[in-house]
Amino acid sequence: TLDIDLIETKDIYYIKAAVPGVTKDDVLIEAGDNDITIETTFKPYIEEFAEDETAEVISSSLKSGRCVKTVRFENSLDLENITAKFANGIVIVTIPKLIIPKHKVNVE
């Protein structure tokens, strides 16, 4: 899974996701009515040595492969106003809550 921080305010959720070593084009974000999924693929470091047949992994503790994080929310999300910014291996997603006004129902 991806490492994230999740913050909630009265009107907005904020997600900070760590995606070191990938480009913004390698990050996929999809939002549903009350959930959001962040996905990326981390390439193993050994792939950078593909042309050197003598290279071998001695130790590896960095994430590699496909990583996905789905967060479900109590509130519906304002899908049209979700934004995401990428810088220095960090994605910040701003997720406004959908505020649905309550309607008074008259009883006859």
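The values are calculated or read from the model by the stated rules, or taken from the named source; none is laboratory data. Bear in mind that the values here come from a model prediction, so they are computed numbers and not experimental data. Note that each Cβ is placed from the backbone with ideal geometry, even for glycine, and that neighbours are counted across all protein chains shown. Keep in mind that these areas ignore ligands, DNA and RNA; they rest on the heavy atoms of the full protein, side chains included. Shrake-Rupley method; radii C 1.70, N 1.55, O 1.52, S 1.80 Å.
Figures for the structure shown
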quantity: Single match in 24, 43 (criterion: open to solvent by 70 Å² or more (accessible area, probe 1.4 Å), touching a residue at least 60 places away in the same chain (Cβ under 8 Å) and of a type in the set (D, E, K, R)); calculated: 24
quantity: Residue 16 being basic (Lys, Arg) and free of Cβ contacts under 8 Å to residues at least 24 places away in the same chain; calculated: no
quantity: Meets criteria (over 21 Å from residue 6 (Cβ atoms) and either modelled with pLDDT of 95 or more or among the hydrophobic types (A, V, I, L, M, F, W, C) (or both)) for residue 49; calculated: yes
quantity: Selection within the range 46-68 - of a type in the set (A, V, I, L, M) and either touching a residue at least 60 places away in the same chain (Cβ under 8 Å) or exposed (fewer than 12 other Cβ atoms within 10 Å of the Cβ) (or both); calculated: 50, 57, 58, 62, 68
